[in-house]
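Here the structure is laid out as structure tokens; the discussion comes afterwards.
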Amino acid sequence: MELEKIGIPKGQRNMLAQKGICSIEDILNYLPYKYNFYNRPCYLNPAISGKSAAVIGKCKSVKKGKTNNVYMVKMCIEEEKTHLPLFVTWMGGIWYYEKIEKSKDKMVMVAGPLSHKILENTGKECYFMSNPDVFAVEAEIKDALKIYPVYRKIKGISEERMLTYISNAVTPANIISNVPKEFEAAHHLMSKYEAYKNVHFPVSSESIRQAKAAITYYNLFFYMTEIEKRSNVTKTTNFVMKHTEKMEQYINSLPFPLTQTQRNVIYNTIDNSMQNKRNHILLQGDVGSGKTVVAVSLAIAMAENGYQAAIMAPTVILATQHYDGIIDVANRLGLKVCLMTSNLTKHEKNEMTKKINSHEYDIIIGTHGIISDDIQYPALGMIIIDEEHRFGVEQREKLVSKAAIGVHEISMSATPIARTVTQAFYSSDVQVCELEVPSIRKPIRTTFISDRRVLYKYILTMIASGQQVYSVCPYVEENEDNENIISVEELYREYQTAFNGKVKIGVVTGKMKQEDADQIINDFKNKKYHILIATTIIEVGVNVPNANLIIINNPDRFGLAQLHQLRGRVGRGSQQGFCAMYLKAETPISPISKDRIDIMCKTSNGFEIAEEDLKLRGGGYVLGTKQSGFDVYLDMISKYPYIFEGVKKDIAKYLANTTM
């Protein structure tokens with residue numbers, strides 16, 4: 001109803017809502033994507049050809065006609081300084097003909113993109129303009145000479161109507177600043193009202209620059225304040241990890257030593273708890289950096305001290321992998337572990353719930369089911385959320401609400417997140433811990449291939465050496481509209497023909513029943529198949545150490561983070577891992593897709609890739625989901641990092657003197 005106050009009818013409110021514009025604040029932040037500087041007239045010269053400009057001159061003639069059933073109006077203007085001719089055409093301009101016709105022999109202004117050519121037969125210079133953005137006659141010219149904001153079109157709403165709505169929104173009553181006056185003065189900011197007024201109705205290029213900087217500051221100050229409010233929880237805990245003997249037994253049983261960064265995270269977390277400091281950690285690292293080992297170690301330490309630990313994963317495959325990785329060692333250590341997924345029967349789930357509620361289980365692993373209303377953890381001291389970005393804020397908070405105040409939180413990110421993002425999305429009380437990849441793990445060698453024969457040779461070489469191969473496709477079914485896209489169906493037939501049925505091939509997709517998909521993946525793990533053709537269902541939670549070649553078909557159809565995550569399926573054992581990105585030779589490829597492929601071939605460092613992904617795509621999709629407007633703020637941070645740094649310092653001062 002807020003938009004009704006500024007004169008927007010219901011039908012158009014619905015159209016705006018489809019673009020995420022639901023409030024006056026959204027209208028204010030619907031900023032121009034460019035400006036047309038028609039505030040000063042230009043005289044005709046070759047240098048302005050191909051550019052947009054305002055031209056003033058005398059209307060010499062007006063004609064109307066019709067071409068290919070399209071009405072048009074033509075005007076010839078003699079530019080006032082050079083006296084050169086400018087030929088202006090309005091396609092469909094019959095609707096404006098009356099006004100245009102009356103302008104004959106009068107001074108007029110037109111503004112829009114100009115073109116220029118020299119006539120071969122006469123050698124004369126001529127200038128042309130089609131469908132001008134602005135047309136003004138005589139007395140109208142003075143007001144028409146101004147800077148025009150240009151907005152992205154919204155279906156069903158004209159540019160004029162949108163400007164009216166924006167004008168109605170830009171009032172002092174609608175624009176209230178939450179920034180202390182001392183910060184506004186220190187940064188020489190325009191007032192918030194003046195900033196929005198100047199960005200939507202600018203008077204100069206300098207006013208636009210200052211307005212954009214001020215709006216960025218005001219928005220980031222608001223956003224970072226909200227982030228800090230969300231984290232305004234107790235910093236202390238009673239969940240202390242005093243005893244760690246069983247955790248040490250687990251660590252000593254591992255077939256490899258911990259990296260220094262793993263040790264730092266584990267023992268710093270324990271030390272914090274001993275000082276009654278609550279831990280809130282974002283644990284991230286590249287594929288193979290050992291995030292799970294850290295999480296399991298701390299879960300065991302928590303259970304050893306009489307508390308429960310809950311590990312929540314977004315998929316059954318990933319939850320099952322966590323369970324399989326801990327159950328044997330837990331049995332040896334005398335700890336009880338359960339796995340709650342959608343695969344359980346109603347009776348099994350009820351029995352498991354009773355045992356969780358009576359503290360018969362120490363470590364609870366599962367998907368969304370572990371936050372169901374029936375489960376009441378009596379001693380939940382630590383929650384571990386794998387792939388946190390795939391859960392909503394509400395789901396995380398529901399799990400936290402099932403614990404007493406002071407519960408330790410550890411969030412794990414399967415894909416490294418750009419440091420810019422972690423600074424923006426996580427509050428100051430969150431400790432971001434980055435794990436290093438063990439030096440014994442070899443970097444995956446990545447190459448780009450467009451020759452099918454080379455690819456087949458690659459595959460057969462790997463299989464002959466006793467190793468297995470993944471082949472990932474963007475789609476399950478064939479696409480009749482684009483023969484360059486390789487589907488699971490097409491690839492299966494192609495491989496059967498190419499390898500004469502001598503190679504055993506499995507297929508797994510997201511369209512299968514969960515139990516069928518799990519069975520195929522387990523069969524592949526048990527070496528029943530040489531090749532596993534798959535969609536991105538294998539992106540996370542699949543661990544087959546004997547699979548050391550992954551073919552990514554149509555890499556142009558995947559984002560950088562996804563390509564890197566898929567690549568991480570190989571090289572998980574002692575063997576060298578390889579990644580081949582295959583594209584049919586005749587496939588057209590966009591510049592951004594080529595950049596992605598080049599980056600993948602150049603580096604295997606997930607943090608470098610995350611930063612490049614942020615540059616290529618902006619903030620909107622880096623985390624794999626839009627985080628309640630987060631994409632808008634991240635784009636601001638990316639464009640104006642110096643403003644973000646200033647906001648962070650000011651927020652720290654603000655929090656030191658304010659009770660939120």
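Based on the Kirkwood radius over alpha-carbon pairs, what value in µm²/s does the Stokes-Einstein equation return for the translational diffusion coefficient of the stretch 1-134 at 20 °C and 1.002 mPa s?
Numbers: Rh = 17.4 Å.
Stokes-Einstein gives a translational diffusion coefficient of 123 µm²/s.
Return the FRET efficiency for the residue pair Lys528, Tyr267: r is the Cβ-Cβ distance, R0 is 51 Å, and the value is rounded to the nearest 0.05.
So, using R0 = 51 Å, E works out to roughly 0.75.
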If R0 is 41 Å, what FRET efficiency do you get for Ile141 and Ser191 from their C-beta distance, rounded to 0.05?
0.80
Calculate the FRET efficiency for Ser450 and Asn500 from the Cβ-Cβ distance with a Förster distance of 25 Å, rounded to the nearest 0.05.
0.60
Starting from the 7 Å offset along Cα-to-Cβ, what nm value, one decimal, do you get for the label separation of Glu25 and Arg13?
1.8
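Beta carbons within 10 angstrom, averaged per residue: use that to sort the peptides 372-378, 549-555, highest first.
Final packing ranking: 549-555, 372-378.
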Stretched fully, the stretch from Tyr96 through Cys126 gains (0.36 nm per residue minus C-alpha distance, one decimal, in nm) 8.4 nm
Placing one identical point scatterer on every Cα of the chain and ignoring solvent, what is log10 I(q)/I(0) from the Debye formula at q = 0.06, 0.12 Å⁻¹?
-0.49, -1.28
Probe 1.4 Å - accessible area at Phe256, Å² to nearest ten:
80
Along the Cα-to-Cβ line of Asn252, 7 Å from the Cα, sits a label point; which residues in the stretch 314-355 have backbone N less than 18 Å from it?
329-335
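What does the helix-only formula give at 222 nm for the chain: each DSSP H stretch with n ≥ 4 adding -39500 (n - 2.57), the total divided by the residues, and the result rounded to the nearest 500 deg cm²/dmol?
Working: 23 runs with 253 residues, N = 660.
Mean residue ellipticity, 222 nm, calculated: -11500 deg cm²/dmol.
Net charge near Met190: determine it from the other residues with C-beta under 15 Å of the C-beta of Met190, scoring Lys and Arg +1 and Asp and Glu -1.
Values: positive: Lys181, Lys192, Lys197, Arg209, Lys212; negative: Glu184, Glu194, Glu206.
Charge balance near Met190 sits at +2.
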Highest to lowest packing among 58-67, 574-583, 74-83, scored as the average C-beta count within 10 Å
574-583, 74-83, 58-67
Could you state how much accessible area Thr89 has, in square angstrom rounded to the nearest 10, with a 1.4 Å probe and all protein chains kept in place?
30
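Averaged per residue, what accessible surface does the stretch 53-136 expose to a 1.4 Å probe, in Å²? Mind dumping the intermediate values first?
On the way: 4810 Å² over 84 residues.
Dividing the accessible area of the stretch 53-136 by its residue count gives 57 Å².
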Do any of Lys34/Lys602; Lys10/Lys99; Lys277/Lys442; Lys181/Lys615; Lys442/Lys594 go past 29 Å between their Cα atoms, and which?
Lys34/Lys602; Lys10/Lys99; Lys277/Lys442; Lys181/Lys615
7 Å from Cα along Cα→Cβ at both Leu119 and Lys34: what's the point-to-point distance in nm?
3.1
What length, rounded to one decimal in nm, is gained on full extension from Ser61 through to Glu245, with 0.36 nm per residue of separation minus their alpha-carbon distance?
56.7 nm
Residue by residue through the stretch 8-19, what is 3J(HN,Hα) from phi via Karplus (6.51 cos²θ - 1.76 cosθ + 1.60, θ = phi - 60°)? Round to whole Hz and write x for glycine and proline.
9, x, 4, x, 6, 4, 5, 5, 5, 4, 5, 9
In the chain the accessible area split gives carbon plus sulfur, as whole percent at 1.4 Å, a share of 50
If each of Asn69 and Asp374 carries a label point 7 Å out from its Cα toward its Cβ, how far apart are those two points in nm?
6.5
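Listed highest first by mean packing, meaning other Cβ atoms within 10 Å per residue, what order do 488-498, 290-300, 20-30 come in?
Details: 488-498: 15.8, 290-300: 24.5, 20-30: 17.5.
Descending packing order for the listed peptides: 290-300, 20-30, 488-498.
To the nearest 20 debye, what is the magnitude of the charge dipole of the chain about its Cα centre, counting +1 on the Cβ of each Lys and Arg and -1 on the Cβ of each Asp and Glu?
On the way: 80 positive and 72 negative charges, 228 e Å.
With only Lys, Arg, Asp and Glu charged at Cβ, the dipole is about 1100 debye.
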In this model, which of Lys5/Lys146; Lys63/Lys104; Lys142/Lys212; Lys354/Lys513; Lys355/Lys402 are farther than 19 Å apart at the alpha-carbon?
Lys5/Lys146; Lys142/Lys212; Lys354/Lys513
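The values are calculated or read from the model by the stated rules, or taken from the named source; none is laboratory data. Remember, it's a predicted structure, so these values are computed and weren't measured experimentally. Positions of Cβ are backbone-derived with ideal geometry, glycine not excepted, and every protein chain shown enters the neighbour counts. Heads up: the accessible areas ignore ligands, DNA and RNA and are worked out on the full protein's heavy atoms, side chains in. Shrake-Rupley method; radii C 1.70, N 1.55, O 1.52, S 1.80 Å.
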